[in-house]
1. Quick one: what pairs do we get from segment 58-86, first residue within 18 Å of Arg27 (Cα to Cα), second modelled with pLDDT under 95 and open to solvent by 50 Å² or more (accessible area, probe 1.4 Å), C-beta under 6 Å, 6+ apart or different chains?
2. If the requirement is being open to solvent by less than 10 Å² (accessible area, probe 1.4 Å), in contact with a strand residue (DSSP E or B) (Cβ under 8 Å, 6 or more places away or on another chain) and farther than 20 Å from Ala274 by Cα, which of these qualifies: Leu117, Leu134, Leu164?
3. Among the residues of segment 187-207, are any within 19 Å of Gly135 (Cα to Cα), of a type in the set (Phe, Trp, Tyr) and open to solvent by less than 60 Å² (accessible area, probe 1.4 Å)?
4. Exactly one condition in (1) touching a strand residue (DSSP E or B) at 6+ places or on another chain (Cβ under 6 Å); (2) under 26 Å from Pro129 (Cα atoms); (3) free of Cβ contacts under 8 Å to residues at least 40 places away in the same chain is not met by Val93; state its number.
5. Considering each residue of segment 82-106, count those that are aliphatic (A, V, I, L, M) and either modelled with pLDDT under 95 or within 19 Å of Ile10 (Cα to Cα) (or both), and give that number.
6. Take Asn154 and tell me if it is in contact with a Cys (Cβ under 7 Å, 6 or more places away or on another chain), in contact (Cβ under 8 Å) with a residue 60 or more places away in the chain, surrounded by fewer than 24 Cβ atoms within 10 Å (Cβ to Cβ) and under 30 Å from Val105 (Cα atoms).
7. If a residue must be open to solvent by 10 Å² or more (accessible area, probe 1.4 Å) and within 13 Å of Leu177 (Cβ to Cβ), how many such residues does segment 217-232 contain?
Amino acid sequence: MNLTRHSKVIVQGITEKISTQIALMMRSCGTNVVAGISPGEGGEEWHGIPVFSLVEQAVAKIGLIDTSVIVMPAYQVLDAALEAIASGLKQIVIITEGVPPLDMVKLLRKAEVTETLIVGPNSAGIIIPEKLLLGTHPTQFYTPGPIGIISSSNTLSYEIAWELTKSSLGQSISVSLGCDPIVGSSFLQWLQKLDEDEHTKLIVLVGEVGGVSEEVAASYISETSDKPVIAYIAGTYAPINKNYSYASRLINATVACKTESKIAAFEGVNIPVAKRPSDIPSLARNVL
């Protein structure tokens, strides 16, 4: 994992309005945005950022690039990501939401073969406070410190960071895994990375109802992790019997037991579980 001030970053789709805003926000936070990619617009400059038509052209001109941040229409994401992988990039952050599931399956198969890290889609990306921003995390909520956040929710990443910041507890890194049905990297992968990160002393893991990734994470932590972890499961207090739609009739019966299963998995291996985001700072202080 190469995430430093000097990491070379490109933005694919840079001439789109939202992409430009994200690129400029990243650059204002110190991210080394070396180029933008926009097919057919190579040779231009966009707000001081050189634009290339293809990723391979950017690599030929600039040298090895570490990370691509993709902000493109959902149906173009697969081609953009495969182009980045073919050009040797090993880290890809996908901001776009609604990427077709079959496209994600194809992308993850290629990423596995090439050992490429995929974050997202529908992700706020990665932030190392006051050093690096790859995505859309609102930087005003973060401050440097020893606590790493791994979250399956974009907005809860910010909320928990702000709760910690207000309590004078800074963050080493915050990673939003993405909110689409199929995403790239997992809790397990990031737990392994933060275990090896010398700047992270405590990990906050933010899960949600549904799936089994939290139970897998709890098992990994109990067997392998050397660092303390605090967990929070979003949706614990969602009304179980309220009928929001036809689909809810199918899932409501399982939500309660799934939530209880996740909490039990963490508590069974002595991992503190916060009842609400505002409880996390006090738990963190106790652990640290």
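The values are calculated or read from the model by the stated rules, or taken from the named source; none is laboratory data. These numbers were taken from a predicted model, which means no experiment stands behind them. Ideal geometry is used to build each Cβ from the backbone, glycine not excepted, and the neighbour counts take in all protein chains shown. Accessible surface areas use protein heavy atoms only, side chains included; no ligands, DNA or RNA. Shrake-Rupley method; radii C 1.70, N 1.55, O 1.52, S 1.80 Å.
1. Asp66/Asn2
2. Leu134
3. There is at least one residue in segment 187-207 that is within 19 Å of Gly135 (Cα to Cα), of a type in the set (Phe, Trp, Tyr) and open to solvent by less than 60 Å² (accessible area, probe 1.4 Å).
4. The number of the failed condition is (3).
5. Final tally of qualifying residues: 9.
6. no
7. Counting residues in segment 217-232 that are open to solvent by 10 Å² or more (accessible area, probe 1.4 Å) and within 13 Å of Leu177 (Cβ to Cβ) gives 0.
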